Amino acid sequence: MSAQPDTAVEVDGLSKNYGPVAALSSVSFSIESGQYFVLLGPSGGGKTTLLRLIGGFIRPSRGRVLLHGRDVGDEPPNRRPTSMVFQSYALFPHMSVERNVAYGLKLRKMAAPEIGRRVARMLELVGLAGYEARMPHELSGGQQQRVQLARSLVLESDILLLDEPLASLDAKLRKDMCLELKHIQEKVGITFIHVTHNQEEAMTIADRIAIIADGRLVEEGTARDVYERPRRRFTAEFIGDNNLLHGTVSAIAAEPGGRVKVDLGYAEVAVDATVAEGTDVAAGDAVSLSVRSELVELVAPGGAEDGARQTVPATYLEEVYLGLTTSHLVRLPDGSEVAVRRISEGGDAAPPAPGQEVRIGWKTPSARLHVE
Ligand SMILES: Nc1ncnc2c1ncn2[C@@H]1O[C@H](COP(=O)(O)OP(=O)(O)O)[C@@H](O)[C@H]1O
Ligand SMILES: [Mg+2]
């Protein structure tokens, strides 16, 4: 008999209203034990509210939170198997690193030698062995963040809640700490739920990502799922650099796995029906297609039209050099702009002249169909 993976967190129809404001509306998902789970979305979307509901800092208006299968109902934070790492450093400024980390265990009246052992182990884990006697103001931002992490981990809760833990770090440090957080999570093996509005951070760190916006769960999946196969238009717009093309469904393939035809007004393109999985479309429906900028290309004149690739006419606008990549901007006949992105290679052939008529194209499976 294979062991069933334990569900660490299940939220079921969770809603939270603040007076007339629906901060969270009927959110449901579950998290397997030992996962690094990220709540990603724009500011004001309800991520902190969701995290605080899981931790028991606020009570839901509707719905339930189950931790390891147990409905935690009205249990206060200290009765739950959760521990919270807050957005600001929030270290005690007058206490050494060691005392900051030991604080929660002292509150639990643990014996001093055991506290000493656990604190030493945690400081080692977060890379701060030797910093025991330092005061918070003698630490860098990244180091303070590690103390904060050690202070939560030492409590040995099995679900760690982290609200924008890297938000106050500069970009370079955030990148380093991001990988480090993931390695620490792998070592301790407990469930992490990490809130961020930063896409790159989410992709670096997450086993699974839930996109939260406007108080709702937009979609959930691995980093690869939400980047390469966004089901919702919101996800396509929020993650990566997607081009959106708007049109109307003109024909639907009868055979399973066939193609949906979309009339863009100036061209008709085909989309793989498998791509449209879960989106129930009918002829006449307004739809949009998303195609990532790195999957669109400028098509050489006279290139073969073979059904494996969709092409549409465009007017070349300009080249934008971004370092790693170069973006070629074109305008479609309906006025919308599309970016064609390529790795910058020194000594590239000259781009088309601004105003030149060109064609752009993409491999048929590269386009996603969205109903919203
Ligand atoms: N204590 C509160 N009182 C009133 N409104 C709140 C409170 N907390 C959050 N909100 C509102 O709920 C919505 C979601 O907020 P929040 O969960 O903090 O979003 P996020 O963490 O994704 O930025 C926002 O519109 C916010 O203004
Ligand atoms: Mg927040």
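Derivation of every value follows stated rules applied to the coordinates shown; laboratory data play no part. Everything numeric here is computed off the predicted structure, so don't read it as measured data. Because the Cβ atoms are built from the backbone with ideal geometry, glycine has one as well, and the counts that use them run over all protein chains shown.
Details
- Each residue in the stretch 196-229 was checked for being of a type in the set (K, R) and either within 14 Å of ligand 1 (Cβ to nearest atom) or assigned to a helix (DSSP H, G or I) (or both), and 2 of them qualify.
- Residue within the stretch 174-187 that is more than 30 Å from N78 (Cα to Cα), hydrophobic (A, V, I, L, M, F, W, C), surrounded by fewer than 22 Cβ atoms within 10 Å (Cβ to Cβ) and away from ligand 1 (no atom under 16 Å from the Cβ) present: no
- Count of the stretch 121-140 residues which are surrounded by 13 or more Cβ atoms within 10 Å (Cβ to Cβ) and either within 25 Å of the chain's Cα centre (by Cα) or more than 19 Å from D170 (Cβ to Cβ) (or both): 10
- Consider the stretch 141-156 and keep the residues that are of a type outside the set (S, T, N, Q) and under 13 Å from D170 (Cα atoms). The one that is surrounded by the fewest Cβ atoms within 10 Å (Cβ to Cβ) is G141.
- Tally, over the stretch 68-114, of residues that are touching a Lys or Arg at 6+ places or on another chain (Cβ under 6 Å) and among the hydrophobic types (A, V, I, L, M, F, W, C): 3
- Residues (free of Cβ contacts under 8 Å to residues at least 12 places away in the same chain, over 20 Å from the mean Cα position of the chain (by Cα) and in a loop (DSSP other than H, G, I, E, B)) located in the stretch 29-84: G73
- Only a single criterion out of (1) surrounded by 21 or more Cβ atoms within 10 Å (Cβ to Cβ); (2) touching a helix residue (DSSP H, G or I) at 6+ places or on another chain (Cβ under 7 Å); (3) of a type outside the set (A, V, I, L, M) is not satisfied by S168, namely (1).
- Residue within the stretch 93-107 that is within 16 Å of ligand 2 (Cβ to nearest atom) and either surrounded by 15 or more Cβ atoms within 10 Å (Cβ to Cβ) or among the β-branched types (V, I, T) (or both) present: no
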